[in-house]
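Visitor: Please read through the structure below; I'll follow up with questions.
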Amino acid sequence: MQFRVILRILGILLMLFSFAMLPSMGLALWYDDSSIMPFAVSFVVIFVIGVLVWLPSYGSQQEMRTREGFLVTALFWVVLGAAGALPLFLSTAPTLTFTDAFFESFSGLTTTGATVISGLDDLPRSILFYRQQLQWMGGMGIVVLAVAILPMLGIGGMQLYRAEAPGPVKDNKLTPRIAETAKALWYIYLGITVLCALGYWAAGMTLFDAIGHSFSTVAIGGFSTKDASIGYYDSAVIESIAIVFMLLAAGNFSLHFVAFRNKSMLGYWRDPEYRFFLTIIVGLMVVMAVGLTFTNTETGWRAIRIGAFEATSVMTTAGFAATGFSHWPFFLPFLLFLSSFIGGSAASTAGGMKAIRILLLWKQGVREIKRLIHPNGVFPVKVGRKEVPERVLAAVWGFFAVYMFAFTVLLTLLLATGLDFLTAWAVLGSAMNNLGPALGEAAANYSSINVPAKWILCFAMLLGRLEIFTLIVIFSPMFWRR
């Protein structure tokens, strides 16, 4: 293991991350709130630590291999989660323990959206903006941004890019060079964010709230500047804008690139994964609307509107709320939570297991039924017109098996901390799928969850963000052998 390479990269990333404090410092100065010192101190401390980590390996010409890529990716989230917690810990509004500050920071960076903070409406704007900014940076993966920057510093990025996206993503780069690919993705990400912010602003949000909510919408994060989330505005137009951009952000970003390059929207419907995703989410919208109507929870147009919004918000793992859905008849929130296990498309900002994996599991199950009827038949699994290699199918089944095993182990640990079953199941599903909202004790927020459970959930967030294998492989003895 080439630790000098790892330290050099982490040092550079910490120095870059320290500049994330500057926008909030500017807002603290503009609004004359009490948070300027926490951000100023954090900027200096994080930058200095980054320099100290980077200096010992300065001038090293070692190349980063795939093993270092996996380790850097995992350490990256942990280190930046701790660094991001510093201003929250130093702040007096809100007042957080280090565990809560780390939980909030980590939840933001992994775009989970689970929060321990209440009274958002009364917090300093610098703190509110910082939370939204954490999600925006984490949404596309700061690692991908680093891929675009590090080559200029003499550090290759392909290993990081592969480690960040271990799922069954289309195995082709959008542009010939990995740095150009990362830049293309970020231009698309930035462009969608700007359009989303303009949409919210035109619909009636203040400019500050429009920018903040665009950050968390495109990142599929779910943090809000209001305790009531999107429900604060009680606006069908704002909810419709949120639905559109959540659906866009939950799509494979290569589809956006191709649509922009070809100036055609046909690619979205031709993509089997996105078509499968849209089919499920429309079906979920219908079920929610019908369920809300027949249980007299909501009626008429409002049932359709709220059902569509919550279905989109939960399945895409954004986690915004238009209403407190935890009080709905039990099968509705349960069904919503099950949909979050599907999540969005591969190579999107959404969480969950990803629609392509669920589609392949379904097709594989259908094939096994056919084999029972026709034992000698040959039934290839196809996505669109392309046959899926057996190696990919085996990898998907492996992912599903490891996911369920990890879920079972972590659920047992959460129950051992004293959580009741409903709360433990909901918060774990929310963390591993990077969703945010939960049921039971955490229906309002996570402040009452005990400390050991919060650290377990942080691990679950990272497990979900890195799609299981990138993190699990580090715990394998084979990984550390020469």
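Visitor: Under the definition of Cα pairs under 8 Å and six or more residues apart, what whole-number percent is the relative contact order of the chain?
Guide: Once divided by the residue count of the chain, the mean separation gives 16 percent.
Visitor: Show me, bin by bin at 10 Å from 0, the whole-percent P(r) of the chain based on Cα pairs.
Guide: All Cα pairs, binned at 10 Å, distribute as 4, 20, 31, 28, 13, 3, 1, 0 percent.
Visitor: Also: Any chance you could run the full-extension gain for Phe19 through Leu75? It's 0.36 nm times the residue separation minus the Cα-Cα distance, nm to one decimal. Mind showing how you got there, number by number?
Guide: On the way: separation 56, 0.36 × 56 = 20.16 nm, distance 1.94 nm.
Additional length available on full extension: 18.2 nm.
Visitor: Let me make sure I get this right: for the range 82-122, a, b and c are the square roots of the gyration tensor eigenvalues over alpha carbons, sorted descending. Under 1.5 in a/c it's rounded, otherwise prolate if a/b > b/c, else oblate. Which is it?
Guide: Oblate shape, in that a/c is at least 1.5 and b/c is the bigger or equal ratio.
Visitor: Now for a separate question. Quick one: pull the percentage of alpha-carbon pairs in the range 226-337 with a separation above 18 Å.
Guide: 51 percent
Visitor: If only Cα atoms are counted, what is the Rg of the range 1-52, and what is its Dmax, in Å?
Guide: 13.7, 48
Visitor: Follow-up. Assuming 0.890 mPa s and 25 °C, estimate D for the range 1-141 with Stokes-Einstein, Rh taken as the Kirkwood radius over Cα pairs, in µm²/s.
Guide: It comes out at roughly 157 µm²/s.
Visitor: Cross-link list Lys183/Lys363; Lys363/Lys454; Lys263/Lys354; Lys226/Lys354; Lys226/Lys454; Lys226/Lys263: which exceed 32 angstrom alpha carbon to alpha carbon? Kindly include the intermediate steps, with their values, before the conclusion.
Guide: Working: Lys183/Lys363 35 Å; Lys363/Lys454 37 Å; Lys263/Lys354 26 Å; Lys226/Lys354 29 Å; Lys226/Lys454 23 Å; Lys226/Lys263 37 Å.
With Cα atoms farther than 32 Å apart: Lys183/Lys363; Lys363/Lys454; Lys226/Lys263.
Visitor: Students often check this: by mean Cβ neighbours within 10 Å, which of 243-254, 47-58 ranks highest, and how do the rest follow?
Guide: 243-254, 47-58
Visitor: Based on alpha-carbon centroids, what's the gap between the range 410-469 and the range 96-131 in Å, whole number please?
Guide: Here the answer is 16 Å between Cα centres.
Visitor: Starting from the exponent 0.38 and prefactor 2.2 Å, build the expected Rg for the range 422-474 from its residue count and divide its actual Cα Rg by it.
Guide: Relative to the 2.2 N^0.38 Å estimate, the range 422-474 comes out at 1.12.
Visitor: Going by average Cβ neighbours within 10 Å, how do the peptides 326-338, 387-399, 430-442 rank, with the highest at the top?
Guide: 430-442, 326-338, 387-399
Visitor: Could I ask something else about it? Sort the following peptides by mean Cβ neighbour count (other Cβ atoms within 10 Å, averaged over residues), highest first: 357-366, 370-379.
Guide: 357-366, 370-379
Visitor: Between rounded, prolate and oblate, where does the range 328-379 land on the alpha carbon gyration tensor, with a ≥ b ≥ c its root eigenvalues, rounded for a/c under 1.5, else prolate if a/b exceeds b/c?
Guide: It is oblate, given that a/c is not under 1.5 and a/b is not larger than b/c.
Visitor: Further question on the same structure: Sort the range 34-92 into rounded, prolate or oblate with this rule: let a ≥ b ≥ c be the square roots of the eigenvalues of the Cα gyration tensor; rounded if a/c is under 1.5, and if a/c is not under 1.5, prolate when a/b is larger than b/c, oblate otherwise.
Guide: Numbers: a/c = 5.38, a/b = 1.92, b/c = 2.80.
It comes out oblate by the Cα gyration axes.
Each reported figure results from applying straightforward, stated rules to the coordinates on display, with no laboratory input. Keep in mind the model is a prediction, meaning the values are calculated, not measured. In this analysis, Cβ positions are derived from the backbone assuming ideal geometry, glycine residues included, and neighbour counts consider all displayed protein chains.
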